[in-house]
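S.K.: Before I ask anything, here is the structure I am working with.
Just so it is clear, none of the values below were taken in a lab; they were calculated from the coordinates. It should be emphasised that the depicted structure is a prediction, and the values quoted were computed from it without experimental measurement. Neighbour counts run over all protein chains shown; Cβ positions are idealised from the backbone, glycine included.
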Amino acid sequence: MMKIVAIFILGLILSIDPKKVSKINSLKAEAKKAFLAGDFKAAIEKYKFLRDSMGVSEDEVGMNLANSYFQTNDTASAVSTYQPLSVSDDKKIKSWANLQMGVIANRQGKFEEALNFFKQAMKAEPENDQARFNYEMVKKKLEEQKKQEQQKKDQNKDNKDNKDDQKKDQKDKQDQENKDKQNKDQKDKKDQQNKDQKDEKKDQKDQQNKDQKSQEQKDKEKKEKEQQQKEQEQKDQQNKDDKNKPDPSLSEKLKDMKITEEKAKMILEAMKNQEVQYLQQNKRKATKPKDKGKPDW
């Protein structure tokens, strides 16, 4: 078995082109020099050539290429280069790749994602103090964010509750006003009905009193008229009786003349008839036509 392995290694060594190895080493040195000098664009160019054209798949080359992308703020290329390194068998490379992706996620405001990357970095390499520091920092930031979000949520809820309460209060107030208005309208209507009924009863009573007074006045006037008529009749009868009643002095005289009142009345009646005849005769004479041939006298 050992002989087979030795033969494989020997064959592998013999298959490596010394010139290619020399060129790879030269490019690595140039790329590293450019990276350390801060010429990240040149470093990216050389590391990409090593990986894509020279077929170098070493984790160190991939890490330096990803770091060069990171320094030029090409986060998309950096993340796509860090991702395969985050599962590397090299714990240090794996820890660093997760750390860098956590930094990028943190800058993008993806705090929960960043927290997970930092956790993976510490898990791969517990001695990675930078990953631990970043983890605590982002954890605190995330808690603060959640607290603010909860406060905002509570505030929004309070505002919503306040608005709902205000709307409810306004609705209750409006309902109460409508109810009060309805009750007032009903009361006013009832009061008006009572007033109308009261006025109608009063008018009826006033009319009855007026009719009663009018009837009483009529009855009083009728009674007074009847009384006056009666008094007048009594007065007329009294006058008649007084007229027919002989004069006391005349009665005494008749008594002295030994003439009864009945006989005296007969004499008076006869005298009255004679007087009437005399007046009628004079009237007829006065109406006779005058003789024009005689003087008026």
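S.K.: Ala42 versus Gln217, label points 7 Å from Cα toward the beta carbon: distance in nm?
M.R.: Going by the 7 Å Cα→Cβ label model, 13.6 nm.
S.K.: Something else: Which of the lysines could a cross-linker bridge to Lys179, judged by Cα under 27 Å and excluding same-chain residues fewer than eight apart?
M.R.: Lys163, Lys167, Lys168, Lys171, Lys187, Lys189, Lys190, Lys195
S.K.: A further question on this structure: Per-residue HN-Hα couplings for region 205-216, Karplus 6.51 cos²θ - 1.76 cosθ + 1.60 at θ = phi - 60°, whole Hz, x for Gly and Pro?
M.R.: 5, 4, 5, 4, 4, 5, 4, 5, 5, 4, 5, 4
S.K.: With r as the distance between the Cβ atoms of Lys153 and Asp188 and R0 = 41 Å, compute the FRET efficiency 1/(1 + (r/R0)^6) and round to 0.05.
M.R.: Between Asp188 and Lys153 the formula returns 0.20.
S.K.: Holding the Cα-Cα limit at 30 Å, pick out from Lys28/Lys92; Lys110/Lys152; Lys48/Lys91; Lys33/Lys94; Lys225/Lys265 the pairs that are longer than that.
M.R.: Checking Cα-Cα distances, Lys225/Lys265 exceed 30 Å.
S.K.: Same structure, new question: What's the FRET efficiency of Ser77 with Glu144 using the Cβ-Cβ distance as r and R₀ = 22 Å, to the nearest 0.05?
M.R.: Step by step, r from the Cβ atoms, then E = 0.10.
S.K.: Now for a separate question. Pairs of Cα atoms under 8 Å, at least six residues apart: use those to get the relative contact order of region 11-149, whole percent.
M.R.: Once normalised by length, the contact order is 13 percent.
S.K.: For Gln108 and Asn25, what is the calculated FRET efficiency with R₀ set at 51 Å and r taken between the beta-carbons, to the nearest 0.05?
M.R.: Once rounded, the FRET efficiency stands at 0.85.
S.K.: Given 0.36 nm per residue, what is the gain on full extension from Asp161 to Gln274 after removing their alpha carbon distance, in nm?
M.R.: My answer for the length gained is 27.6 nm.
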